[in-house]
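Taken together, the values in this text are just the output of simple stated rules run on the coordinates, not laboratory data. These figures come from a predicted structure and were not determined experimentally. Note: ideal-geometry Cβ built from the backbone for every residue, glycine included; neighbour counts use all protein chains shown.
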Amino acid sequence: MAAEIVAAAVTDIELMKASQVGMKAIGAGLAVGLTGLGTGVAEMAIGSAAVGATAENKDIFGLALLFTVIPETIVIFGLVVALLLLF
Amino acid sequence: MAEMRAGPAPYIYVCTRMRVRKSKLLPKEEYLRMLNMSLPEITRSIEELEYKREIDELSASFHGIDLIEIALSWNLAKEYQAIIAITPGTLKAFTQAYLRRWDIQNILTILRGKRQGLKPGKIKEILIPAGELDRVFLDRLLTEDSPDRIVEALRGKKLYTVVAKEFPSAVQTNSLSRMENELYKDFYRNLISDANAMKGGKQFLAYISLDIDITNIKNLFRLRVDGIEEDAREMMIPGGTFSVEELHRLNGITDLNEFIDALMAKVRVKSLLEVLDKLRGEKPIREIEIDLIRVQIEQMEKMSKMNPFSIHPILVYLEKKKYEVFNLRAIARGRESKLPTDRIKGYLVM
């Protein structure tokens, strides 16, 4: 009887550990995925303005590229959060 | 913001391009510098700007003032056509509708030129094919011998109905002015119906209303200066802040202060109110018109800042580019006629 109770408790703990790992993976996925979407939305507007400005004045290509990649920081924060969750 | 099927990106792209182009337009200092130049120096100066290709292309066939005028006209037409090509969705439809005013100007120029017996080549020099009627079509009209055939050649175009209706009476009265009025009224009527019919037309409608108001106020001042007792209803454009009846009533006010007070009672644009208030003293009509144009551009700039990804930034650029060409032409013509610098300066929209 006691052995059966111990075995059930061990199974519960294993299940909990497994679900914790799963939740972390989902959290990490959401952190990267959602920040990626946010970055995409932000870059859409900046990117179109940057392409428009570069089409008129090629000299500002470098600056325009720099402005376009600024929202990349959002996805990098997401990636950092994901890595902290996983490791 | 206008209709966005593909998201806002194409609108942001084109509005940014217009802003960059606007920043490349000539500053006031450049016009002032040109006022002291001779005609060849002005040509060289223009060649170093956005007009290089046209000057290079035309320098073999034209010289002096003709070269400058034609190069400026060609550049304006090319620029406008290029803008139509890059504007997306409803913005394209609005831009095309706005540019149809050049069709009216071109048709009237051709009809007037033909009636005065000018050579097709001479008429062609002053055409600006920036609207729906392209250079090939206008060339075809220029080859027609009689004005009646020109009117017939317009069949199928937007202008045809009004031109066909008004041209016989224009021939009888020997004046195209009534036809011109009717064409512009029809043009604004079409603009308003286009703006109402299309999604995102609210901003375009705001611009049309401003344009109609400024045009009507300019007409009222012109009528006062002419001092001719005319029925103002014929010349006024409906669709703005003032109804045609109100404008007719305003035209009947003889006292200048009373007239300006009556105008100011209905105007809501702050900068226009300020300018109207300054017009209480006697001023030449040319200066009044320039002041009103400045207010219009200033107000359009404000609208383009409030709606940064709408038709407004495009319209601001189109208007400013038009006045750049007008200014350069005025400087070149003025210098060629040896007019005093101050007099030329009075014609510039800066």
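Specify which residue in the list B:ILE214, B:ASN174, B:ILE192 is farthest towards the positive end of the charge dipole of the range B:159-291, using unit charges on the beta carbon of Lys, Arg (+1) and Asp, Glu (-1), about the Cα centre.
Value computed over the given set: B:ILE192.
Would you mind counting up the charge near B:LEU127? Only other residues with Cβ under 10 Å from its Cβ, with Lys and Arg at +1 and Asp and Glu at -1.
Once all neighbours under 10 Å are counted, the net charge is 0.
If you line up the Cα atoms of the range A:2-86 on their principal axes, what length do they span on each, largest first, in Å?
80, 16, 10
Give me the percent relative contact order of the range A:2-86, please, defined on Cα pairs under 8 angstrom at least 6 residues apart.
43 percent.
Please arrange B:HIS63, B:HIS312, B:HIS248 by how many other C-beta atoms lie within 10 Å of their C-beta, fewest to most.
B:HIS63, B:HIS248, B:HIS312
Let me make sure I get this right: for the range B:222-350, a, b and c are the square roots of the gyration tensor eigenvalues over alpha carbons, sorted descending. Under 1.5 in a/c it's rounded, otherwise prolate if a/b > b/c, else oblate. Which is it?
In terms of gyration-tensor shape, oblate.
Using helices alone, I'd like the mean residue ellipticity at 222 nm for the protein assembly as shown: each DSSP H run of four-plus residues gives -39500 (n - 2.57), total over residue count, nearest 500.
My calculation for the protein assembly as shown gives -24500 deg cm²/dmol from helical runs alone.
Compute the Rg/Rh shape ratio of the protein assembly as shown: radius of gyration over Kirkwood radius, all on alpha-carbon atoms.
For the protein assembly as shown, the value is 1.16.
If I stretch the segment between B:LYS283 and B:VAL225 completely, what's the gain in nm (0.36 nm per residue apart, minus their alpha carbon distance), one decimal?
19.9 nm
Residues of the range B:242-264 with amide nitrogen under 18 Å from the 7 Å Cα-to-Cβ point of B:ASN181?
B:242-253
Whole-Hz Karplus ³J(HN,Hα) for the range B:235-252, in order, using 6.51 cos²θ - 1.76 cosθ + 1.60 and θ = phi - 60°, x for Gly and Pro?
9, 7, 9, x, x, x, 5, 9, 7, 4, 5, 4, 5, 5, 5, 4, 5, x
How far, in nm, would the chain grow between A:ALA8 and A:ALA55 when pulled straight, counting 0.36 nm per residue and subtracting the alpha carbon separation?
10.1 nm
To the nearest 20 Debye, how big is the dipole of the range A:2-86 about its Cα centre, given +1 on the beta carbon of each Lys and Arg and -1 on that of each Asp and Glu?
60 debye
In debye, nearest 20: dipole of the protein assembly as shown around its Cα centre with unit charges on the Cβ of K, R (+) and D, E (-)?
Roughly 460 debye for the protein assembly as shown.
Of the peptides B:198-209, B:265-276, how do they stack up when ordered by the mean number of other Cβ atoms within 10 Å, highest first?
Descending packing order for the listed peptides: B:198-209, B:265-276.
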